[in-house]
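Only one structure is covered here, and it is reproduced in the block below.
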Amino acid sequence: MDDRLDLKEENNSGHLDLYEKLQSGEKVKCLQCNNGYYVTDAKDIRKSYYFYCDKCGEFIHFEPGVIIE
Ligand SMILES: [Zn+2]
C-alpha cells in the first residue's frame with residue numbers, strides 16, 4: 001500500500017512534462033487507451049489545468065503552481 005503512494009507521486013511529477021506539451025498545443029496520445037488525444041474545454045489552452053481523452057474520457061489535471069520555476 002505504501003508502494004501505491006510512491007507510484008502516485010512519480011506519476012504526478014511525470015505528468016508535468018505532459019502538461020507542458022499539452023499547454024504548448026502539442027498533441028499527446030492518451031496514456032490510458034493509447035488511441036485518443038488529450039483535449040480541453042478551456043478557451044486558453046496554456047491556462048488549462050484539466051485535460052481529458054477524446055476517446056475514452058481519461059481525465060487528468062494538475063495543480064497550478066508546481067510548474068513555477
Ligand atoms: Zn483514452
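The values are calculated or read from the model by the stated rules, or taken from the named source; none is laboratory data. Note that the structure is a prediction, hence the values are computed from the model and not measured. Cβ coordinates were reconstructed from backbone atoms using ideal geometry, including for glycine residues, and neighbour counts include every protein chain displayed.
Of all the residues that make up region 45-64, how many are surrounded by 13 or more Cβ atoms within 10 Å (Cβ to Cβ) and part of a helix (DSSP H, G or I)?
The number of residues fulfilling the criteria is 1.
Out of all the residues in region 15-32, is one or more of a type in the set (Lys, Arg) and either touching a His at 6+ places or on another chain (Cβ under 8 Å) or at pLDDT below 90 (or both)?
Checked against the condition, which is being of a type in the set (Lys, Arg) and either touching a His at 6+ places or on another chain (Cβ under 8 Å) or at pLDDT below 90 (or both), region 15-32 yields no hits at all.
Confirm whether TYR38 is of a type in the set (Ser, Thr, Tyr), surrounded by 11 or more Cβ atoms within 10 Å (Cβ to Cβ), at negative phi and modelled with pLDDT of 95 or more.
Yes; evaluated as a whole, the condition is true for this residue.
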